[in-house]
Amino acid sequence: MAAIASLPPEEQTDAVHAVLSGVIKQMPWSALLDVRAEIAAMFEDEHLEIVRTTLDMIDGQMALREIAGDATWR
């Protein structure tokens with residue numbers, strides 16, 4: 001996130017989405033919660049499409065994990 005914060009503001013949201021979409025399945029639950037909170041704080045305007053879809057992606061991943069329980073679904 002620190003590297004993304006150094007990008008120009010207009011490139012930050014796309015970078016967050018791109019990085020997160022590549023690693024989201026391997027992230028532990030606690031990391032997902034931390035990243036979600038950081039994104040929500042970093043990009044306060046959740047009405048931006050890319051911010052909203054990134055938060056939705058994280059929420060969806062967390063929901064899938066809750067549904068799957070101990071099942072292997074990756």
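The values are calculated or read from the model by the stated rules, or taken from the named source; none is laboratory data. This structure is a prediction, so every number in the text was calculated from the model and none was measured. So basically every Cβ, Gly included, is an ideal-geometry build from the backbone, and we count neighbours across all protein chains shown. Ligands, DNA and RNA are stripped out before the accessible areas are found, and what is left, the full protein with its side chains, is counted by its heavy atoms. Shrake-Rupley method; radii C 1.70, N 1.55, O 1.52, S 1.80 Å.
Condition check ((1) open to solvent by less than 80 Å² (accessible area, probe 1.4 Å); (2) modelled with pLDDT of 90 or more) across all residues:
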residue	(1), (2)
ILE4	yes, no
GLN12	yes, no
MET27	yes, yes
HIS47	no, no
LEU55	yes, yes
ASP59	yes, yes
ALA63	yes, yes
THR72	no, no
Original post:
Of all residues in segment 29-45, how many are exposed (fewer than 14 other Cβ atoms within 10 Å of the Cβ) and either modelled with pLDDT under 85 or small (Gly, Ala, Ser) (or both)?
Top reply: 6
